Amino acid sequence: VTEAAVLTSIAGYTAQAVERALFLDERISVAHQLQDAVLITLPAVPGLDLAALYRPASTTDMVGDDWYDAFFLPRQEGSAGPEDGLAVTVGDITSRDVQAATPMGQTRSMLRQASVRDGCGRSIRHRARRMREECGCEVGVGVFFRSRQPQRSSEVAGGRESVCMDVRSRNNVTITGREDGPVVVLAHGFGCDQNMWRLVVPALAERFRLVLFDHVGSGQSDASAWQAQRYASLDGYAQDVLELCRELDLREVMFVGHSVSSVIGVLAAGHEPERFAKLILITPSPRYVDDGDYRGGFSAEDIEELLDSLESNYLGWSAEMAPVIMGNPERPELGEELTNSFCRTDPDMARVFARATFLSDNRADLAGVSVPTLVVECSSDVIAPREVGAYVHATIPGSRLVTLDATGHCPQLSAPEATAEAIISFAGEGR
Amino acid sequence: LAARAGRALASAELLLRAAEDLTDTAGLDQVRLRVRDVVSGDLKPSYVGLLLADGESGLHRLLDRHSPHRVEVLHENMRAGAGFPTARTLRERRMVTIPDRRHLMEEYGPEAVAVFDSPEPGSAACLPLLGARGPLGVLVLGRDIRTMST
């Protein structure tokens, strides 16, 4: 009887273990179905080998908290590239087992939706944040983009909570104008954004394919792409311009740079001269600080004072300096517009950009310019006085100089017709 | 008295070990191995079998890949209404004992004897595995020496 009781007890323990194992098996089966639904079969991409190895982090349900996905991006309206691209997302939910599977699937689907909506644009990051808020779990996502053409590959890695964008989203690229026209890239100056070109765009759009963008840290660019170290030098912005050209497969580019973007264009053309057909430098200055015989227009003390003022009270500095930079005091709306543009810029990013702008010395880069260049100066500009225009013209081999009958540092706003005419005249030559 | 106390202690230790070893099992394969290991000690069975219920239709054997007995391979499945002690255990949800081969022949017939002969135990006990929502299967313990008490 005792032995029967012992056996019955053992059978009871065994029954409990079997019941638990059956329950776990069922749960694992459901989890695997969820997992299978999330992990897709990778698409076939000509010229690109894609492979995935998935190992679940958890040993309980044998279901992980990570996912991968690969899908073709829909062709974007206004895209300058000839083909659609591919997006690969790799993500992590900081939860485990089946609890992670649901937000994992939701996040993956949301990222696909975001991609469809704006070509893997800025809303991905916001969506990841929303997932975190709504689900109470951390969502880390890396998004990689690749054109079908290998030479146009671009890849940016993302860390936890940060999501990397394609260049179009990073720089808020706008493409407009004549579809079969020569490509003109319009690059804005410090404290501005692509909106600064709005008065010249209508005239240019009739003849050219226009590519407008915002430098990172300006306008509607993606703030999450900001890297203080990268953008502490003008070369960081030049690299962005080159990435933009590669991403959009732009060739024979006519680059129009305003103010500091003139130098950025010079640097970009120095790296890849074959990509650029012409440079149009509007109110350029390779160095703002006087240096021996060189007249930049500012003493070292002036620039230090300017930067100190900017760093201590950016908004106050903007309100004071923007009208000075703009000139045309009889048209206060222009100064007000520039003030507002300055004020929309993130102060921390503006400080870094300002140092890169006002402390750089790119005089040595001018002599290396090998593409036809037009220098556009204003007859009265306190930021880039005529001596500077003359210096740039004299230093860039074979360059041409046009002096607009305009005042201030922003002729595209103060004298848009004359500015557009100068651009059209030079860009249209030989075409 | 000392012998009874010794047996009681052995039984208590066996139950404690069974409770411990079967608590942290995660899958059926693990359960299968643990059950064999637990009862292989003090009870000295010649065969440990584990059969799981297939809903209402019958039983299937959870195979012990390390078992030398052919029954593990030859008799993987059986109907719930089959004339076997294991099926009866499941139907009646109580322990069924087989004291010897003759009893098996008289009660269950030659087909059951053929299955019984595969592991060749002298006696056997079939125990129902009762879960919260009904019977889950049957645990079979076979012995070479007929020491099974009922």
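The values are calculated or read from the model by the stated rules, or taken from the named source; none is laboratory data. Owing to the predicted nature of the structure, the values given are computational and were not obtained by experimental measurement. Cβ placement follows ideal geometry from the backbone for every residue including glycine, while neighbour counts extend to all protein chains displayed. To get the accessible areas, we keep the full protein, side chains included, count just its heavy atoms, and leave off ligands, DNA and RNA. Shrake-Rupley method; radii C 1.70, N 1.55, O 1.52, S 1.80 Å.
Between B:E106 and B:H66, full extension at 0.36 nm per residue minus the direct alpha carbon distance yields a gain of 11.2 nm. With N as its number of residues, the stretch A:309-380 has a Cα radius of gyration that, divided by 2.2 N^0.38 Å, comes to 1.36.
For the stretch A:234-318, the list of GluC sites (Glu not before Pro) that fall in a loop by DSSP and count at most 12 other C-beta atoms within 10 angstrom reads A:E252. For the stretch A:162-217, give the percent of accessible area contributed by carbon and sulfur heavy atoms, probe 1.4 Å, rounded to a whole number. Carbon plus sulfur share of accessible area: 45 percent. Across peptide B:25-31, the average count of Cβ atoms from other chains found within 10 Å of a residue's Cβ is 6. Extension gain, A:L306 to A:S370, is 19.7 nm, computed as 0.36 nm per intervening residue step minus the present C-alpha separation.
When only DSSP loop residues count, what GluC sites (Glu not before Pro) in the stretch B:1-68 have their Cβ near at most 11 other Cβ atoms within 10 Å?
Details: sites: B:E13, B:E20, B:E56; in loops: B:E56.
The qualifying sites are B:E56.
With both bridge residues required to lie in the stretch A:252-384, what share of the DSSP beta bridges run antiparallel, to the nearest 5%? Could the numbers behind the result be given before it?
Working: 1 of 12 bridges.
In the stretch A:252-384, approximately 10 percent of DSSP beta bridges are antiparallel ones.
With K and R counted +1 and D and E -1, the other residues having a Cβ less than 14 Å from that of B:C126 yield a net charge of +4. Note on A:F208: accessible area is roughly 10 Å² with a 1.4 Å probe, heavy atoms of protein only. On association of chains A and B, roughly 2200 Å² of accessible area becomes buried (total for both chains; probe 1.4 Å).
The slack between A:T102 and A:E272, meaning 0.36 nm per residue of separation minus the straight C-alpha distance, is 56.5 nm. I need the calculated FRET efficiency for the pair B:A8 and B:R94, taking r as the beta carbon distance and R₀ as 30 Å, to the nearest 0.05. Here the calculated transfer efficiency is 0.75. Near B:G131, the amide H atoms lying under 5 Å from its own belong to B:L136; only residues 5 or more places off or on other chains count, and H is placed 1.01 Å from N. Using a 1.4 Å probe on the protein heavy atoms only, what accessible surface does A:D193 show? Give it in Å² to the nearest 10. Rounded to the nearest 10, that gives 20 Å². Note that the stretch A:235-335, at 25 °C in a medium of 0.890 mPa s, gets a Stokes-Einstein diffusion coefficient of 156 µm²/s from its Kirkwood radius over C-alpha pairs.
How crowded by other chains is B:126-138, given as the mean number of beta carbons from other chains within 10 Å of each beta carbon?
Average per residue, whole number: 4.
Per residue of peptide B:12-19, the mean number of Cβ atoms on other chains within 10 Å of the residue Cβ is 3. Placing a label point 7 Å from the Cα of A:E330 along the Cα-to-Cβ direction, the residues of the stretch A:399-431 whose backbone N falls under 14 Å of that point are A:406-408, A:415. A:S379 label point, 7 Å along Cα→Cβ, cut-off 12 Å on backbone N: hits in the stretch A:401-420? Flagged as within label range: A:403-408.
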